[in-house]
């Protein structure tokens, strides 16, 4: 048992003229007080009327009084000559305090049972460590709590105590699952400190597209941010990209198109067979759009959304008939530079009325190629060779498209044509007409170049 000597009383026989001396003493539980009895002569005897409250003994001419439990007692010390010292003892309870420390601070707390500001001697106290942050878990006790049962510790109060609860941050595992694609992590790892934000980016294989996340999160955003609060398994779900194949007949009552297989959407690289069948009074002419062919049956591989037109021609009407004239002539002519040069065109669309087509109007001059650009707000001739206009065929009578005077001397060939596949390229069949012009003069000082904007 641990005893603390706190007070010393000194007596000598010279201080007492009587046979009995009496004093009052307060002793705290679990403490010891010492009284000098050097004035008494041996043999010396000590007695106590309440051994449950105090324990008293003599050692080296000193009286030791130890507090055991709260209460009162009388201790009598008798020396030779019947001289006595009577000590009236009051034992008071000792109280102790507990200091609490959480490390790191603010991530957890310590509860005590019972919960008091002070505790009495031999009182049992049980402590429990509780994390208050989701990212931390209890790691162990230190200070006066050396032995523990998990996050609990029990101490017997025999002194002031220092209780320390240690917490440690948690690390979590992130598992990624994917098929038909990959997932890129930033930062890249397999374990992350609690609270760490991780960016997940789904990258689809060819022919697939990212659809959604499942497992640890439920989201369709890509990339997506994940805050690590637990072990997680996340799956990136990829689905095949679907493409549409849109077909139409031109004219609508000219024929039908069958697809094999016939579906609302198709997967990447899926093959589709298209078969065009003309209705009564029409015959199949060609495909336009994403197919360029004159065969009534065509096989295509789907790599994107496709738009295809089956062009049918009436059995009773002719093909488109473009016509171009220079100075009213549709055959070779020769003019002098001081003459006007007027180019006019007309078109009989025949059975191809309203068929989306490419229109071509160009001239090969002694200088270069030039074409009429009718796709912009201001219609003008430009250097080079390109499609003049894209749109449905319509029949029209003569329209002047060029009026110049004193052109450069040399040979000119004017062309006007249409093809029934609107794609910006010259396709077969090309329906066209041309006129050759010879501009000659001995006065070359009068020559001017071909007019362009």
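The numbers here are math on the coordinates, done by the rules we state, and not lab data. These numbers were taken from a predicted model, which means no experiment stands behind them. Note: ideal-geometry Cβ built from the backbone for every residue, glycine included; neighbour counts use all protein chains shown.
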Expressed in nanometres to one decimal, the distance between label points 7 Å along Cα→Cβ at residue 47 and residue 404 is 15.0 nm
Note on the chain, DSSP bridge orientation, antiparallel percent to nearest 5 equals 80 percent
Quick calc, residue 172 & residue 423: beta-carbon distance into FRET formula, R0 51 Å, rounding 0.05, result 0.35
Looks like the range 193-343, by Cα gyration tensor root eigenvalues a ≥ b ≥ c and the a/c under 1.5 rounded cutoff (else prolate when a/b is bigger than b/c, oblate otherwise), is oblate
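Can you pull a Stokes-Einstein diffusion coefficient for the range 176-240 at 25 °C (0.890 mPa s), Rh from Kirkwood over Cα pairs, as a whole number of µm²/s?
So the translational diffusion coefficient is about 206 µm²/s.
Please state, rounded to one decimal and in Å, the Kirkwood hydrodynamic radius that the range 321-446 gives when every pair of distinct Cα atoms enters the mean of 1/r.
Radius from the Kirkwood sum: 15.1 Å.
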If each part is reduced to its alpha-carbon centroid, the range 131-164 and the range 174-221 end up apart, in Å, by 40 Å
Burial-style ranking of 176-186, 419-429, average other-beta-carbon count within 10 Å with highest first, yields 419-429, 176-186
Pseudo-spin-label distance residue 193 to residue 413, built 7 Å along Cα→Cβ, given in nm, is 7.9 nm
Normalised per residue, the volume inside the convex hull of the alpha-carbon atoms of the range 245-314 in Å³ amounts to 71 Å³
On the formula 1/(1 + (r/R0)^6), with r taken between the Cβ atoms of residue 123 and residue 229 and R0 of 41 Å, the FRET efficiency rounded to 0.05 is 0.55
Note: probe point = Cα of residue 353 + 7 Å toward Cβ; backbone nitrogen < 12 Å; residues of the range 387-414 passing the test are 393-396
Computed from the beta carbon distance with a Förster radius of 41 Å, FRET efficiency for residue 389 and residue 211 to the nearest 0.05 stands at 0.45
Using alpha-carbon positions, the gyration tensor of the chain gives root eigenvalues a ≥ b ≥ c; with a/c under 1.5 called rounded, otherwise prolate if a/b exceeds b/c, else oblate, the class is prolate
Relative contact order as a percentage, the range 289-354, C-alpha pairs under 8 Å and 6+ apart, gives 34 percent
Under the 7 Å Cα-to-Cβ spin-label approximation, residue 258 and residue 88 lie apart by a distance in nanometres of 12.6 nm
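Packing-wise, with mean Cβ within 10 Å as the measure, how do 343-354, 227-238 rank, highest first?
343-354, 227-238
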Residue separation between residue 133 and residue 332 times 0.36 nm, minus their alpha-carbon distance, gives in nm 62.1 nm
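May I ask you to derive the relative contact order of the chain, considering only C-alpha pairs under 8 Å and at least 6 residues apart, and to give it as an integer percent?
Relative contact order, the chain: 8 percent.
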Classified through the alpha carbon gyration tensor (a ≥ b ≥ c as square roots of its eigenvalues; rounded if a/c is under 1.5, else prolate when a/b is larger than b/c, else oblate), the range 322-386 comes out oblate
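For the range 94-160, what relative contact order do you get, as a whole percent, if you take Cα pairs closer than 8 Å and at least 6 residues apart?
So the answer I get is 36 percent.
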The range 34-97 and the range 346-417 have their Cα centres apart by a whole-number Å value of 133 Å
